[in-house]
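Data first, discussion second: the structure below is written as structure tokens.
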Amino acid sequence: APPECPFCGEAARGELEEHVRARHGHLLGAPGAGNGEELYECPMCSLTCTNIQILEEHVDLHLEEHSFSEGGNIGDLELAQRLQSEEDERQRSEEEKREREEFKKLQRQYGLDNSGGFKQQFLRNMEREVDRGRMQPFEYHKRKADMMESLASGIDDGKTKTSGVIEALCKYYQNENKDVRRVWLSAGVDHFHSSLGDRGWGCGYRNFQMLLSSLLQNSFYNDCLRDTTLIPSIPKIQSMIEDAWREGFDPHGASHFNNRLHGSKAWIGACEIYSLLTSLRIKCQIIDFHKPTGPMGTHPRLFEWILHYYSADNEGGAKVVCTSKPPIYLQHQGHSRTVVGIEEKKNKSLCLLLFDPGCSSQEMQKLLKQNSDGAGLKLLRKFVGSLKEKQYQIVAVDGVLSLEEKAARCLASQVLTSEKIP
């Protein structure tokens, strides 16, 4: 755009200097104040000059500065907007990258990254053991053959199982006289721990094996379990859960796994255990302890509920009560365990007895030779102050379903909600 005249504001179509001389020359030659000199006042800042050339140069500087200022402001604004836009785009790109990485991390964490399942992990871990010199090649081939046979039959190989712990606990508590006032133990249950094939993700499946081992010892559940007379392997349990989904149980939860577990390292939780048990016509319920109910983030209501579960039908004065109640599946973020009993101390405090799939069979077998001091029970004991996760869920078995009740629960599970303890 042509520069504006400082005298009239019009756009100077030619040179500004020529415009000023032609249109406003009379303004440049104002007479002096009685000293005989001509004085020239700048129309933009009122500076007085004694020379017309000096005034022209001075006015030109004003005009150049004005033009630079306007153009510079526009350029700075555009530059700032462009830089901000580039920064916003960079942040969006980094956020999208972080979200992709977090999603992949979650997929890996929960076994949904298509990296294979039990079989692939078992073989990879055995190969590492051979490479590190901790397993001989002949043992590798033997264990591989055993694993393949177990997968083909769908039956767990029993290599991680420890039996007889409940019976050993019963005997120990009969003689214990230090600080336990009463103790309630579940019906007999075998302990199963994670193996090379499911280490890091198999706790839910191992806890189901523990629960099932107890139900299989109880004739009350024979009719429900006539097709499941032996403990299934983890891949078989995955297929059983998929079967429950196909029957219509928990479609929302199934969609979480794209309706597929077999061949993956997907973690399972209370909802999958509930769906599987109900599909077998085993009556159970999910109880959600969705927030702490005691000081320091503790859950005394959880302990009280479990005490009532074991003691409701087992009143009496006996110190040790070996109940017919199945164990309880206990879930929290990232891990699950099996509740096999509860102690009431002489000071009335409560202590849960838990089977943890992360505990090896070598450690569990020490409980079969429990010393009189009860030191080995540290593996099992959890006091109120020890359980401080934000939320816990339990799956508790309490009977058998008729076919009609099973169908009704299947329908209800399509909007499955757990009972929340206030």
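The values are calculated or read from the model by the stated rules, or taken from the named source; none is laboratory data. Please read all numbers here as calculations on a predicted model, not as lab measurements. Cβ sites come from the backbone with ideal geometry, for glycine too, and all protein chains shown count toward neighbours. Just the protein is used for accessible areas: all its heavy atoms, side chains included, with ligands, DNA and RNA removed. Shrake-Rupley method; radii C 1.70, N 1.55, O 1.52, S 1.80 Å.
From 245, 267, grab the single residue that is in contact with a helix residue (DSSP H, G or I) (Cβ under 7 Å, 6 or more places away or on another chain) and either under 26 Å from residue 323 (Cβ atoms) or modelled with pLDDT of 95 or more (or both). Even if it seems obvious, please write down each step before you answer.
Working: 267 fails: either under 26 Å from residue 323 (Cβ atoms) or modelled with pLDDT of 95 or more (or both).
From the options 245, 267, the qualifying one is 245.
Could you list, in sequence order, the residues of the stretch 354-366 that are touching a residue at least 40 places away in the same chain (Cβ under 8 Å), farther than 22 Å from residue 265 by Cβ and out of contact with any Phe, Trp or Tyr (no Cβ under 9 Å at 6 or more places or on another chain)? Answer for the stretch 354-366, where residues must be touching a residue at least 40 places away in the same chain (Cβ under 8 Å), farther than 22 Å from residue 265 by Cβ and out of contact with any Phe, Trp or Tyr (no Cβ under 9 Å at 6 or more places or on another chain): just 365.
Consider the stretch 345-392. How many of its residues are among the hydroxyl-bearing types (Ser, Thr, Tyr), within 20 Å of residue 167 (Cα to Cα) and open to solvent by less than 80 Å² (accessible area, probe 1.4 Å)? Walk me through how you get there before you give the answer.
Filtering the stretch 345-392 down to residues among the hydroxyl-bearing types (Ser, Thr, Tyr) leaves 349, 360-361, 372, 386, 392.
Subsequent filtering for residues that are within 20 Å of residue 167 (Cα to Cα) retains 360-361, 372.
When the remaining residues are screened for being open to solvent by less than 80 Å² (accessible area, probe 1.4 Å), the result is 360-361.
So the count comes out to 2.
Taking the conditions (1) hydroxyl-bearing (Ser, Thr, Tyr); (2) within 20 Å of residue 359 (Cα to Cα); (3) outside any helix (DSSP H, G or I) in turn, residue 115 satisfies each one other than (2). Going by the conditions given, is residue 340 assigned to a strand (DSSP E or B), aliphatic (A, V, I, L, M), at pLDDT 95 or above and in contact with a Phe, Trp or Tyr (Cβ under 8 Å, 6 or more places away or on another chain)? Spelling it out, residue 340 is indeed assigned to a strand (DSSP E or B), aliphatic (A, V, I, L, M), at pLDDT 95 or above and in contact with a Phe, Trp or Tyr (Cβ under 8 Å, 6 or more places away or on another chain). Given the structure, is residue 197 in contact (Cβ under 8 Å) with a residue 12 or more places away in the chain and under 20 Å from residue 378 (Cβ atoms)? It is false that residue 197 is in contact (Cβ under 8 Å) with a residue 12 or more places away in the chain and under 20 Å from residue 378 (Cβ atoms). For the stretch 207-215, the criterion of being at pLDDT 95 or above and either of a type in the set (Phe, Trp, Tyr) or part of a loop (DSSP other than H, G, I, E, B) (or both) is satisfied by at least one residue.
When the stretch 268-294 is filtered for residues that are open to solvent by less than 20 Å² (accessible area, probe 1.4 Å), over 27 Å from residue 118 (Cα atoms) and either among the charged types (D, E, K, R) or in a helix (DSSP H, G or I) (or both), only 288 remains. Set side by side, the residues 189, 183 differ, and just one is in contact with a Gly (Cβ under 8 Å, 6 or more places away or on another chain), outside any helix (DSSP H, G or I) and open to solvent by less than 10 Å² (accessible area, probe 1.4 Å), which is 183. Here is a check on your reading of the model: is residue 322 at pLDDT below 95 and buried (at least 18 other Cβ atoms within 10 Å of the Cβ)? Taking the combined requirement at face value, the residue satisfies it. Within the stretch 295-304, the only residue that satisfies the criterion of being surrounded by 17 or more Cβ atoms within 10 Å (Cβ to Cβ) and farther than 15 Å from residue 351 by Cβ is 301. Being among the basic types (Lys, Arg) and either surrounded by 13 or more Cβ atoms within 10 Å (Cβ to Cβ) or in a helix (DSSP H, G or I) (or both) is the filter here, so list the residues in the stretch 118-134 that pass it. Passing the criteria: 119, 124, 128.
Each residue in the stretch 156-179 was checked for being closer than 17 Å to residue 382 by Cβ and modelled with pLDDT under 90, and 1 pass.
Contact map, the stretch 326-344: first residue open to solvent by 10 Å² or more (accessible area, probe 1.4 Å), second residue basic (Lys, Arg) and not in a loop (DSSP other than H, G, I, E, B), Cβ cut-off under 7 Å, separation 6 or more or different chains; pairs are 344/181; 344/182. Which of (1) within 24 Å of residue 180 (Cα to Cα); (2) basic (Lys, Arg); (3) within 21 Å of the chain's Cα centre (by Cα) is the odd one out, the single condition residue 301 does not satisfy? In the conditions (1) within 24 Å of residue 180 (Cα to Cα); (2) basic (Lys, Arg); (3) within 21 Å of the chain's Cα centre (by Cα), residue 301 misses (3) alone. Residues that are open to solvent by 60 Å² or more (accessible area, probe 1.4 Å) and touching a residue at least 12 places away in the same chain (Cβ under 8 Å) within the stretch 247-257 comprise 247, 251, 252, listed in sequence order. Filtering the stretch 135-159 to residues that are more than 30 Å from residue 227 (Cβ to Cβ), open to solvent by 70 Å² or more (accessible area, probe 1.4 Å) and not polar (S, T, N, Q) leaves 137, 138, 141, 142.
Evaluate the stretch 144-156: report whether one residue or more is in contact with a strand residue (DSSP E or B) (Cβ under 8 Å, 6 or more places away or on another chain) and on the phi > 0 side of the Ramachandran plot. Yes, the stretch 144-156 has at least one match.
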